[in-house]
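Quick notes on the structure that follows.
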Amino acid sequence: MARVLVVGTDIQGEQALLQRLRLASALPDGQVRRSQDLDDCDLLVIRDTPALRNAAQRMRQQRPRLQCWIEDIGGQLRDGDGHQDVLDDGAIGRALRRMQLAPEPLVMQTPAPIRLADGAHAITRLLRERLPLRQGQALLGDAGEPLLLMDLEHDQAVLLQEPAAALVERLADAFEGLQLDALTPARLQALAGERPRQPLRPLLWQWAQRSRHWQALDERLRGASVKLLRWPDFRVLGHDHDGFRLCSLLLKRACTVEECAMLLELPAAAVRDFIHAAYLCGYAQLQAAPATLMMAAGGTRTDNGLLARLWRHLRGSERNA
């Protein structure tokens, strides 16, 4: 079908021109039709005036696929590209028949992804911001390879690589080189397809505990206490008895790594692994440690006094609760 928009003439002139085009095309009825929309036409025919020529030139700059013919005062048609040759009925017919061919499909380019975060520090900060707000969808990738879909709004994950244990190890090892890109809900659904969804936080917890890319956070922990904001999802703790003990302690008061290790008789490395996971999942926040406790934690001669003070504080908190 050839859709023709005629500009600059009256209704009678438009009808006469369309009838001429239909006859010249030798196409079945209805294949050369009048259009009233510039964005829904194949051919623009204008009267030969300076104003319409300028307007047509601007229109074609915005719509390169649009063909334009110029009708002079005598009714002759010329190509709007500047050719002065008059279009006879044969040339008109050939041009209109070419418009019947299906246009080449437009190659829809996937828009460039919006990068949210690069590397361990930036990804951790963004997840800590978005998880409590239940906001957004994202794709986690490694060197352009998609690994994990995150539906932060519903606290769900879709694995794009299997098995889960191998994916967790890869995320842990490659944490510093990972990228997080924004997704629309529709794009997330398209990428997820029929893959099952699973809880997001347990996956983040395992990833954080296995990763060794926590140098920046560990440096901050040297001068900070950790406070748990709420109980984690019980699925992240499973049968981790020490994890439950750390939760109970850090929900009552903020403690340094050293304080947790002394009070619960745990290795400092195990305490740090717990804090890494709680921090990534948004369950924990850091607070400046009191100077007296920091100084006491540095000397073995005062360890017993520090321990006694901590227990007194905890017992007092329980009585006041």
In the stretch 2-29, the residues that are farther than 17 Å from Arg94 by Cα and either of a type outside the set (S, T, N, Q) or touching a residue at least 40 places away in the same chain (Cβ under 8 Å) (or both): Leu5, Val6, Val7, Gly8, Thr9, Asp10, Ile11, Gly13, Glu14, Ala16
Filter result for the condition that a residue is touching a strand residue (DSSP E or B) at 6+ places or on another chain (Cβ under 9 Å), free of Cβ contacts under 8 Å to residues at least 24 places away in the same chain and closer than 25 Å to Ala284 by Cβ, over Arg134, Arg125, Arg170: Arg125
Given the structure, is Asp303 acidic (Asp, Glu) and at pLDDT 90 or above? no
Name, by its number, the condition in (1) of a type in the set (A, V, I, L, M); (2) touching a strand residue (DSSP E or B) at 6+ places or on another chain (Cβ under 7 Å); (3) at pLDDT below 85 that does not hold for Ala55. (2)
Within the stretch 125-161, track down each residue that is closer than 16 Å to Ala174 by Cβ and assigned to a loop (DSSP other than H, G, I, E, B). Ala143, Gly144, Leu160, Gln161
Assuming Trp69 fulfils every condition listed in (1) of a type in the set (A, V, I, L, M, F, W, C); (2) in contact with a strand residue (DSSP E or B) (Cβ under 7 Å, 6 or more places away or on another chain); (3) modelled with pLDDT under 80 apart from one, which condition is it? (3)
Would you confirm, using the coordinates I've provided, whether Ala269 is at pLDDT 85 or above and buried (at least 20 other Cβ atoms within 10 Å of the Cβ)? no
Which condition breaks for Asp85 when tested against (1) under 49 Å from the mean Cα position of the chain (by Cα); (2) modelled with pLDDT under 85? (1)
Pairs under 6 Å by beta carbon, first residue at negative phi in the stretch 35-52, partner in a helix (DSSP H, G or I), six or more apart or different chains? Ile46/Leu52; Ile46/Ala56
Qualifying residues in the stretch 87-101 (those that are in contact (Cβ under 8 Å) with a residue 60 or more places away in the chain and in a loop (DSSP other than H, G, I, E, B)) - the one surrounded by the fewest Cβ atoms within 10 Å (Cβ to Cβ): Gln100
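The values are calculated or read from the model by the stated rules, or taken from the named source; none is laboratory data. A quick note: this is a predicted structure, and the numbers were derived from the prediction, not measured. Note: ideal-geometry Cβ built from the backbone for every residue, glycine included; neighbour counts use all protein chains shown.
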